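K.L.:
Before anything else, here's the structure in question.
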Amino acid sequence: MVIDFKTVPIEARPLLSGCTATSLATSNGSAKSAVVPYSIDSNVHANRILHRESIHGALITSDKRDATEMEFSSQSHLIILVSDGISGGCEWSNGSQSGKLASVAPNTIIINPAHSYLFIRKRTSQQHCRMCLLNIDPTLVNRLDVGEVDVAGLQFHQQIGIKDQGLSQILIAIKREIEAPGLNSRLYVDTLLMLLLTRLMRCASNFAMPRQPAYVKGGLPNWRLKRALELLEADQTKTPSLAEIAGPLRLHPTFFCRAFKQSTGQSPHRYLLEQRVNRAKEMMKDQKRTLTEIALDCGFSGSSQFSVVFKRITGIAPRDYRLSL
């Protein structure tokens, strides 16, 4: 099951007490110094560390008897490969949403984009939990700018459990190279990083090919879901009523609302608000436009409503988000 949070800057909470990446030690006992703002319980052991100018990697192990808390809030993109899975499951929060997973499968991939917040609590499990953590400097994506895409507009999506075989193979290869560096290791890792970022761009970013709406039992058939999304997004400045959307689909408004939520995981109103907030974030890149103008163009009644909705969905005020661009 993939949990896709979209890319939402979250106001970072104070880091947990415990050992941070700046104090983790390598397997031979020597300390590595690196400015990587995340916090992990002191019962976690760092087996290997890779530290370069644009990437910081760590292989960590948590004992099966220990519950472990990890908190991430960084200027870097964070990729986590949960090598062994977590049989006891975990709890997570991104500052505005939270949930529980009964178990985490081996080689599960977690993506936490730069400027995002993520908290994970691993429960006690039947086996040790090994993870590969990669902190990647966002400026590294500039190397992908070869004319085909405008990387200035690239945004990765925050996800837990992304399923992509190519991405998994690349991360496993990086993990193995950290464990046992081979011939010409620096060039090999640099090449893998470019493949990793390219794969993330294709499957976990705003540049990814749109996925076909999938039918969910009890939800809307594909053609109705597609049509409902078209009606919701037809006029960004107007909020259609349930009847105005359900009518063309030949459905009762109450049934439509329930089936839409079954298909998408959110109500039509919530979906519409998230689309407007995403559109507003794109508009905010134009520093000449005022927040009030953006709010009105995105269908909000004014700057006050815009501010309340924006912060509720992203966890950060519109003004603070614009300052982070």
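K.L.:
Anything in the range 54-75 that is more than 20 Å from residue 128 (Cβ to Cβ) and in contact with a Leu (Cβ under 9 Å, 6 or more places away or on another chain)? List them, or say none.
P.N.:
Quick first cut of the range 54-75, residues more than 20 Å from residue 128 (Cβ to Cβ) only: 54-56, 71-75.
Hits for the range 54-75 are 54, 55, 56, 71, 72, 73.
K.L.:
Residues to consider are 95, 89, 85, 99; find the one that is under 21 Å from the mean Cα position of the chain (by Cα), buried (at least 20 other Cβ atoms within 10 Å of the Cβ) and either free of Cβ contacts under 8 Å to residues at least 60 places away in the same chain or closer than 26 Å to residue 163 by Cβ (or both). Write out each step before concluding.
P.N.:
Details: 89 fails: buried (at least 20 other Cβ atoms within 10 Å of the Cβ); 85 fails: buried (at least 20 other Cβ atoms within 10 Å of the Cβ); 99 fails: buried (at least 20 other Cβ atoms within 10 Å of the Cβ).
Being under 21 Å from the mean Cα position of the chain (by Cα), buried (at least 20 other Cβ atoms within 10 Å of the Cβ) and either free of Cβ contacts under 8 Å to residues at least 60 places away in the same chain or closer than 26 Å to residue 163 by Cβ (or both) holds for just one of 95, 89, 85, 99, which is 95.
K.L.:
Just one of the numbered conditions (1) farther than 24 Å from residue 177 by Cα; (2) in contact with a Leu (Cβ under 7 Å, 6 or more places away or on another chain); (3) at pLDDT below 85 is not true of residue 49; which one?
P.N.:
Result: residue 49 passes all but (1).
K.L.:
Does residue 66 satisfy being closer than 25 Å to residue 189 by Cβ, in a loop (DSSP other than H, G, I, E, B), in contact (Cβ under 8 Å) with a residue 12 or more places away in the chain and open to solvent by 30 Å² or more (accessible area, probe 1.4 Å)?
P.N.:
Working: closer than 25 Å to residue 189 by Cβ: no; in a loop (DSSP other than H, G, I, E, B): yes; in contact (Cβ under 8 Å) with a residue 12 or more places away in the chain: yes; open to solvent by 30 Å² or more (accessible area, probe 1.4 Å): yes.
Here the answer is no, as residue 66 does not meet what is asked.
K.L.:
Which of (1) surrounded by fewer than 20 Cβ atoms within 10 Å (Cβ to Cβ); (2) assigned to a helix (DSSP H, G or I); (3) out of contact with any Asp or Glu (no Cβ under 8 Å at 6 or more places or on another chain) is the odd one out, the single condition residue 301 does not satisfy?
P.N.:
(2)
K.L.:
Shifting gears a bit: How many of the residues in the range 258-278 are in contact with a Leu (Cβ under 7 Å, 6 or more places away or on another chain) and either open to solvent by 60 Å² or more (accessible area, probe 1.4 Å) or over 13 Å from residue 225 (Cβ atoms) (or both)?
P.N.:
Let us first name the residues in the range 258-278 that are in contact with a Leu (Cβ under 7 Å, 6 or more places away or on another chain), namely 259-260, 263, 268, 271-272.
Adding the requirement that they be either open to solvent by 60 Å² or more (accessible area, probe 1.4 Å) or over 13 Å from residue 225 (Cβ atoms) (or both) leaves 272.
Final tally of qualifying residues: 1.
K.L.:
Right, something else. If you go through the range 207-238, how many residues are modelled with pLDDT under 85 and outside any helix (DSSP H, G or I)?
P.N.:
18
K.L.:
Another one. What pairs come out if I take residues in the range 227-239 that are closer than 16 Å to residue 277 by Cβ and pair them with residues that are of a type in the set (A, V, I, L, M, F, W, C) whose C-beta lies under 7 Å away, six or more apart or interchain?
P.N.:
232/245; 232/272; 236/298; 239/272
K.L.:
Another question about this same structure. Filter the range 231-260 for residues that are farther than 24 Å from residue 305 by Cα and not aliphatic (A, V, I, L, M) and give the result.
P.N.:
Residues satisfying the conditions are 247, 248, 250, 252, 253, 254, 255, 256, 258, 260.
K.L.:
Six or more apart or on different chains, Cβ under 6 Å: which pairs go from a residue in the range 312-325 that's over 17 Å from residue 113 (Cβ atoms) to one that's open to solvent by less than 20 Å² (accessible area, probe 1.4 Å)? Could you list them?
P.N.:
318/310; 322/284
K.L.:
Can you tell me how many residues in the range 301-321 are of a type outside the set (Gly, Ala, Ser), under 13 Å from residue 277 (Cβ atoms) and at pLDDT below 90? Outline the logic, then answer.
P.N.:
At the first step, the residues of the range 301-321 found to be of a type outside the set (Gly, Ala, Ser) are 305-306, 308-314, 316, 318-321.
From what's left, under 13 Å from residue 277 (Cβ atoms): 305-306, 308-314, 316, 318, 321.
Now narrow it down to the ones that are at pLDDT below 90: 311-314, 316, 321.
Qualifying residue count for the region: 6.
K.L.:
Please specify each residue of the range 121-136 satisfying the condition of being within 27 Å of residue 194 (Cα to Cα) and open to solvent by less than 50 Å² (accessible area, probe 1.4 Å). Reasoning before the result, please.
P.N.:
The first filter runs over the range 121-136 and keeps only residues within 27 Å of residue 194 (Cα to Cα), leaving 130-136.
Of everything in the range 121-136, those that are within 27 Å of residue 194 (Cα to Cα) and open to solvent by less than 50 Å² (accessible area, probe 1.4 Å) turn out to be 131, 132, 133, 134, 135, 136.
K.L.:
Against the conditions (1) in contact with a Cys (Cβ under 7 Å, 6 or more places away or on another chain); (2) closer than 24 Å to residue 281 by Cα, where does residue 171 fall short? Just the number, please.
P.N.:
The single condition residue 171 does not satisfy is (2).
K.L.:
Out of 110, 172, 162, 80, which single residue is part of a strand (DSSP E or B), open to solvent by 10 Å² or more (accessible area, probe 1.4 Å) and not acidic (Asp, Glu)? Steps first, answer last, please.
P.N.:
On the way: 172 fails: part of a strand (DSSP E or B); 162 fails: part of a strand (DSSP E or B); 80 fails: open to solvent by 10 Å² or more (accessible area, probe 1.4 Å).
Matching residue, one of 110, 172, 162, 80: 110.
K.L.:
Let me ask you something else. Taking the condition of being in contact (Cβ under 8 Å) with a residue 12 or more places away in the chain and open to solvent by 40 Å² or more (accessible area, probe 1.4 Å), how many residues in the range 242-252 meet it? If you could, list the steps in order and put the result at the bottom.
P.N.:
Here is the first cut: in the range 242-252, the ones in contact (Cβ under 8 Å) with a residue 12 or more places away in the chain are 242, 244-245, 248-249, 251.
Add one more test, that the residue is open to solvent by 40 Å² or more (accessible area, probe 1.4 Å), and what stays is 242, 244, 248.
Of the residues in the range 242-252, 3 are in contact (Cβ under 8 Å) with a residue 12 or more places away in the chain and open to solvent by 40 Å² or more (accessible area, probe 1.4 Å).
K.L.:
To continue, here is another question. Quick one: which residue in 108, 139 is over 17 Å from the mean Cα position of the chain (by Cα) and farther than 28 Å from residue 312 by Cα?
P.N.:
Working: 108 fails: over 17 Å from the mean Cα position of the chain (by Cα).
Checking each option against the conditions leaves just 139.
K.L.:
Can you confirm whether the range 120-134 contains a residue that is in a strand (DSSP E or B), more than 21 Å from residue 62 (Cα to Cα) and not basic (Lys, Arg)? First the steps, then the outcome.
P.N.:
Quick first cut of the range 120-134, residues in a strand (DSSP E or B) only: 120-122, 129-134.
Checking which are more than 21 Å from residue 62 (Cα to Cα) leaves us with none.
There is no residue in the range 120-134 that is in a strand (DSSP E or B), more than 21 Å from residue 62 (Cα to Cα) and not basic (Lys, Arg).
K.L.:
Another question, then. For the range 127-154, which positions are in contact with a strand residue (DSSP E or B) (Cβ under 7 Å, 6 or more places away or on another chain), under 22 Å from residue 281 (Cα atoms) and modelled with pLDDT under 90?
P.N.:
154
K.L.:
Residue under question is residue 266, and the condition is that it be assigned to a loop (DSSP other than H, G, I, E, B), without any contact (Cβ under 8 Å) to a residue 12 or more places away in the chain and not charged (D, E, K, R); does it hold? Don't jump to the end; show me each part of the working.
P.N.:
Numbers: assigned to a loop (DSSP other than H, G, I, E, B): yes; without any contact (Cβ under 8 Å) to a residue 12 or more places away in the chain: yes; not charged (D, E, K, R): yes.
In short, yes.
The values are calculated or read from the model by the stated rules, or taken from the named source; none is laboratory data. Since this is a predicted model, take the numbers as computed values, not measurements. Counting neighbours? That spans all protein chains shown, and the Cβs are built from the backbone with ideal geometry, glycine included. Please note that ligands, DNA and RNA were not included when accessible areas were found on the heavy atoms of the full protein model with its side chains. Shrake-Rupley method; radii C 1.70, N 1.55, O 1.52, S 1.80 Å.
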